[in-house]
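What follows is a short report on a single structure.
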Amino acid sequence: MNPKKAGLWRSRPSNKSKHTQLAKALTDIYDGLNRWELWGTLGWQDIRHRYRRSIIGPFWITLSMGIMVGALGFLYAQFFGQPIRDYLPFVALGIIIWGFISTLILDGCVVFIASESVIRQLRAPLSIHVFRVTWRNLIIFAHNSAIYLVIMLIFGIWPGARALLAIPGMLILCLNGIWASFLIGLLSARFRDIPMLAANIIQILFFFTPIIWNVDQLRSSRLVAELNPFYHLIEIVRMPLLGRSPSLSTWLVVLGVTAVGYLVALAFFVRFRARIAYWV
């Protein structure tokens, strides 16, 4: 039997079909970026809705994180024999930045699942939901940054001009959060076990990443941290705010992770974008 007549060729998308899928995926992302007023407003509304009728609103997040930073900072400074003036800013920034990264991943897992009703009822770019999650977590990060500002005032810390390097560092973190939301959100819509698996992995990675401990404490085992991409993602923001410059290797690792992440995420989004509405 002629395979063309049997319809077997349809299982392989043609080059024209691939180009069409790529164009639709890129248009989706472009249109989503252009609707920044929509996802910006939705991000604000998410936070306001979560803490409505609360006296201090979203600053409950800051308060709870501030208590954790203070407790861990003073406790582990004694364990590690570190001066509190040096250790507390280090651990505070580590926990704040880790909170931003981990929440981006966990929210990214359910970015499409949580927007099921909107995706099915409204014809809008799917990327809007990803940008909404990123913006919402960036607002929460800004609130939590007040903890470090208080520590700076208490200990008289001034990082100097190097602190400006934290701006491109935060931009890179947001870019990584976007591709991670596209990729993990798509996979989670298809396989519902992934959000639970991701939550458990994030808990384990917290202890394997230099957040409450310094990489210099590893000595000969420093390679354990160097091979951890989350270590480098934290350092590109934490080091400038501590008045130091991230190493060249850290920048190279982060840029490499970002580039590879976007290539993989785009490939999946192009291939399976049309199926998300059925999976959710």
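The values are calculated or read from the model by the stated rules, or taken from the named source; none is laboratory data. Just so we're clear, the structure is a prediction, and the values are computed from it rather than from any experiment. Cβ atoms come from the backbone with ideal geometry, glycine included; neighbour counts cover every protein chain shown.
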- Query: touching a residue at least 12 places away in the same chain (Cβ under 8 Å), surrounded by 18 or more Cβ atoms within 10 Å (Cβ to Cβ) and either closer than 23 Å to residue 20 by Cβ or not acidic (Asp, Glu) (or both), is that true of residue 255?
  - Reply: no
- The helices (runs of 4 or more DSSP H) lying wholly within region 208-280 that contain at least 1 residues that are modelled with pLDDT of 90 or more, more than 15 Å from the chain's Cα centre (by Cα) and closer than 29 Å to residue 28 by Cα are 248-272, 276-279
- Task: Being polar (S, T, N, Q) and in contact with a Phe, Trp or Tyr (Cβ under 9 Å, 6 or more places away or on another chain) is the filter; apply it to region 130-175 and report the residue that is farthest from residue 113 (Cα to Cα).
- Result: 144
- Message: Based on this model, can you work out whether residue 237 counts as touching a residue at least 40 places away in the same chain (Cβ under 8 Å), surrounded by 18 or more Cβ atoms within 10 Å (Cβ to Cβ) and closer than 17 Å to residue 100 by Cβ?
- Response: yes
- Item | Those residues of region 200-219 which are within 16 Å of residue 79 (Cα to Cα) and not aliphatic (A, V, I, L, M), in sequence order | 207, 210, 213, 214, 216, 217
